[in-house]
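Asker: Below are the structure tokens for one structure; questions will follow.
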Amino acid sequence: MAGFRICGGEKIEGTLRVDTAKNAVLPILAASVLPQEDTVLTDCPRLGDVECMRGILRMLGCESCWEGDALRICGGALSQGEMPEELSKRVRSSIFLLGPVLGRLRMATMAYPGGCEIGLRPIDLHLSALKRMGVRISEEGGMLRCDGRDMHAADIHLDYPSVGATENIIMAAALLPGRTTISNAAREPEIEDLQRYINAMGGHVQGAGSPLIVIEGVSRLHGVTYQPMPDRIATGTYLCAAAITGGQIELTNARPRDLTAVLDKLRAMGCVIAEGEQALYLSAPERLQSFDALQTQPHPGFPTDMQSQMLALACVCRGASVIEEKVFENRFAIAGDLCRMGANIRVTGRAALIQGVERLHGAHVAAHDLRGGAALVLAALAASGETLVEDVHLIDRGYERMEEKLTALGAKIARV
Ligand code: EPZ
């Protein structure tokens with residue numbers, strides 16, 4: 001498997017344009033089977049997860065092709081709702097297809113998506129919502145068979161504001177006659193983007209970004225050319241690269257309002273941050289100050305997808321920090337690798353206590369998950385000596401050509 005070789009100690013300085021958001025594109029790719037015509041996603045990122053989703057769509061009869069930086073999906077060609085076991089097990093985002101395939105074909109079959117490094121990733125909230133909408137779901141040998149012939153609009157309450165469950169219900173209801181409501185809905189910006197996309201195709205979704213979402217089903221949706229939102233987690237990750245190396249960075253195509261909780265913590269650590277309409281500028285101190293305590297929460301709380309990056313920053317800041325991971329049950333896997341780089345971290349359950357050290361040193365480490373892998377790169381940028389990060393295909397799932405972007409910003413990093 002490929003790796004990154006990083007010589008630490010260089011400041012990250014310069015300008016970077018933020019890519020389009022992976023976690024907006026994935027549900028939109030799923031929703032692209034709803035309209036009768038094609039969807040063209042402009043400025044679509046070339047990511048591992050996008051290619052996996054294309055593979056599943058192809059199996060369902062929907063070809064897609066690159067047109068420069070745009071991706072064209074022939075969603076109207078959806079011909080069957082049986083997702084192959086090996087693909088739907090391997091790719092978690094296949095769960096996003098359950099709602100739209102049911103919405104279009106009223107039938108869907110897929111394997112129970114597996115868990116992953118950061119947790120069990122159950123789908124009970126997805127399934128109980130679909131059952132509430134009249135879908136009959138049976139499990140046979142790890143396969144989920146969903147019969148939606150009697151599907152109907154419904155008022156759904158989510159016990160937990162699950163991002164994926166909220167998106168699945170919106171997509172299942174978009175073509176369903178009547179009014180479906182979701183209370184205690186997730187409020188992530190990517191859900192607002194899905195709403196914008198569906199409404200651009202003639203749908204009637206309202207309330208995304210708030211805890212109450214209302215979907216008025218329509219009889220058909222037409223094709224569209226759509227530009228999804230910028231990636232708020234990639235934005236936060238590259239801000240952290242400048243922060244941990246005492247550098248400075250300007251990010252264009254950024255949306256500061258999507259990551260206020262992250263900006264708040266970086267300012268508490270001593271970073272000076274200026275916000276533009278579509279840009280962000282960060283200048284870091286020579287050495288970061290501890291943020292004291294941090295708890296991950298559903299949006300607009302601190303995003304769990306930025307927790308690993310802040311763990312890396314906490315390792316080298318002045319003072320002690322506490323991080324509580326309240327969203328996923330196992331998201332401190334990189335603590336062991338960071339300790340091998342000289343960090344002082346104690347993990348007890350869902351909390352990590354970090355005592356900042358002057359400097360980390362290079363080591364041979366490996367990514368366990370997407371955001372943990374990105375955090376190890378951040379730590380390596382600030383460490384003395386050379387670090388080898390293995391299994392960077394996990395990083396490629398969510399960051400396009402990270403090593404090229406960091407090299408352009410002054411880092412000494414190469415893919416090996
Ligand atoms: C989305 O995952 C994101 N993925 C994740 O980003 C992100 O970490 C997560 O939302 C939280 O913000 C995509 O958008 C593709 P959830 P999702 O359903 O939808 C529990 C990344 O690195 N839960 O809000 O799976 C679940 O176990 C990825 O880009 C249930 O119990 O997140 C977790 O503890 C990682 N039952 C919590 O809710 C369910 O039916 C949040 O999960 C569903 C979820």
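Asker: Go through segment 116-141 and give me each residue that's of a type in the set (A, V, I, L, M) and within 14 Å of the ligand (Cβ to nearest atom). It would help to see each step written out before you state the result.
Answerer: First pass over segment 116-141, keeping only residues of a type in the set (A, V, I, L, M): 118, 120, 123, 125, 127, 129-130, 133, 135, 137.
If the condition is that a residue be of a type in the set (A, V, I, L, M) and within 14 Å of the ligand (Cβ to nearest atom), then Ile118, Leu120, Ile123, Leu125, Leu127, Ala129, Leu130, Ile137 are the ones that fit.
Asker: May I ask you to list the residues in segment 307-355 that are buried (at least 19 other Cβ atoms within 10 Å of the Cβ), over 23 Å from the mean Cα position of the chain (by Cα) and assigned to a helix (DSSP H, G or I)?
Answerer: Cys315, Val316
Asker: Residue check: is Met59 at pLDDT below 95, more than 16 Å from the ligand (Cβ to nearest atom) and in contact with an Asp or Glu (Cβ under 7 Å, 6 or more places away or on another chain)? Give the derivation first.
Answerer: On the way: at pLDDT below 95: yes; more than 16 Å from the ligand (Cβ to nearest atom): yes; in contact with an Asp or Glu (Cβ under 7 Å, 6 or more places away or on another chain): no.
In short, no.
Asker: How about segment 142-169: which of its residues are aliphatic (A, V, I, L, M), outside any loop (DSSP other than H, G, I, E, B) and within 16 Å of the ligand (Cβ to nearest atom)?
Answerer: Within segment 142-169, Leu144, Ile156, Val163, Ala165, Ile169 meet the criteria.
Asker: For the list (1) assigned to a helix (DSSP H, G or I); (2) within 17 Å of Pro230 (Cβ to Cβ), I need the number of the one condition that Arg58 fails.
Answerer: In the conditions (1) assigned to a helix (DSSP H, G or I); (2) within 17 Å of Pro230 (Cβ to Cβ), Arg58 misses (2) alone.
Asker: Gly398 is checked against (1) in contact with a strand residue (DSSP E or B) (Cβ under 7 Å, 6 or more places away or on another chain); (2) small (Gly, Ala, Ser); (3) over 25 Å from Arg287 (Cα atoms) and fails just one. What number does that condition carry?
Answerer: Of the numbered conditions (1) in contact with a strand residue (DSSP E or B) (Cβ under 7 Å, 6 or more places away or on another chain); (2) small (Gly, Ala, Ser); (3) over 25 Å from Arg287 (Cα atoms), the odd one out for Gly398 is (1).
Asker: May I ask you to list the residues in segment 113-136 that are within 19 Å of Val163 (Cβ to Cβ) and either assigned to a loop (DSSP other than H, G, I, E, B) or in contact (Cβ under 8 Å) with a residue 60 or more places away in the chain (or both)?
Answerer: Pro113, Gly114, Gly115, Cys116, Glu117, Ile118, Gly119, Leu120, Arg121, Pro122, Ile123, Met133 - these are the residues of segment 113-136 that are within 19 Å of Val163 (Cβ to Cβ) and either assigned to a loop (DSSP other than H, G, I, E, B) or in contact (Cβ under 8 Å) with a residue 60 or more places away in the chain (or both).
Asker: Oh, and also: Quick check, is Arg187 out of contact with any Lys or Arg (no Cβ under 6 Å at 6 or more places or on another chain), more than 16 Å from the ligand (Cβ to nearest atom) and not in a strand (DSSP E or B)?
Answerer: When the stated conditions are applied, Arg187 does not pass them.
Asker: Given (1) in contact with a Cys (Cβ under 8 Å, 6 or more places away or on another chain); (2) surrounded by fewer than 16 Cβ atoms within 10 Å (Cβ to Cβ), identify the lone condition not met by Ile137.
Answerer: (2)
Asker: Which members of segment 271-306 meet the condition of being of a type in the set (Asp, Glu) and part of a helix (DSSP H, G or I)? Step through it out loud before you land on a result.
Answerer: Start the filter on segment 271-306 by keeping residues that are of a type in the set (Asp, Glu), which leaves 275, 277, 286, 292, 305.
The one that is of a type in the set (Asp, Glu) and part of a helix (DSSP H, G or I): Asp305.
Asker: Collect the residues in segment 22-41 that are in a loop (DSSP other than H, G, I, E, B) and crowded, with 24+ Cβ neighbours inside 10 Å, keeping them in residue-number order.
Answerer: First pass over segment 22-41, keeping only residues in a loop (DSSP other than H, G, I, E, B): 32-38.
Once the filter is applied, which keeps residues that are in a loop (DSSP other than H, G, I, E, B) and crowded, with 24+ Cβ neighbours inside 10 Å, segment 22-41 yields Ser32, Val33, Leu34, Pro35.
Asker: Here's something else I'd like to know. In segment 205-222, how many residues are under 25 Å from the mean Cα position of the chain (by Cα) and touching a residue at least 12 places away in the same chain (Cβ under 8 Å)?
Answerer: Going through segment 205-222 one residue at a time, the tally reaches 10.
Asker: Look at segment 118-134 and say how many of its residues are modelled with pLDDT under 95, crowded, with 16+ Cβ neighbours inside 10 Å and not hydrophobic (A, V, I, L, M, F, W, C).
Answerer: Within segment 118-134, residues that are modelled with pLDDT under 95, crowded, with 16+ Cβ neighbours inside 10 Å and not hydrophobic (A, V, I, L, M, F, W, C) number 0.
Asker: For Asp391, state whether it is in contact (Cβ under 8 Å) with a residue 60 or more places away in the chain and on the phi > 0 side of the Ramachandran plot.
Answerer: yes
A quick yes/no check of all residues on (1) under 27 Å from Leu409 (Cβ atoms); (2) in contact with a Phe, Trp or Tyr (Cβ under 7 Å, 6 or more places away or on another chain); (3) not charged (D, E, K, R):
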| position | (1), (2), (3) |
| --- | --- |
| Lys326 | no, no, no |
| Asn330 | no, no, yes |
| Asp337 | yes, no, no |
| Asn344 | no, no, yes |
| Leu360 | yes, no, yes |
| Gly372 | yes, no, yes |
| Leu376 | yes, no, yes |
| Ala383 | yes, no, yes |
| Glu390 | yes, no, no |
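Asker: Let me ask another. Which one of Ile156, Ile215 is closer than 18 Å to Val101 by Cα, modelled with pLDDT of 95 or more and among the hydrophobic types (A, V, I, L, M, F, W, C)?
Answerer: One residue alone meets the criteria, Ile215.
Matching residues to (1) surrounded by fewer than 23 Cβ atoms within 10 Å (Cβ to Cβ); (2) assigned to a loop (DSSP other than H, G, I, E, B):
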| site | (1), (2) |
| --- | --- |
| Asp43 | yes, yes |
| Arg46 | yes, yes |
| Leu87 | yes, no |
| Val101 | no, no |
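Asker: If I go through segment 258-270 residue by residue, how many of them are in contact with a Pro (Cβ under 8 Å, 6 or more places away or on another chain) and in a helix (DSSP H, G or I)?
Answerer: Counting residues in segment 258-270 that are in contact with a Pro (Cβ under 8 Å, 6 or more places away or on another chain) and in a helix (DSSP H, G or I) gives 6.
The values are calculated or read from the model by the stated rules, or taken from the named source; none is laboratory data. Everything numeric here is computed off the predicted structure, so don't read it as measured data. Cβ: placed from backbone, ideal geometry, glycine included. Neighbour counts: every protein chain shown.
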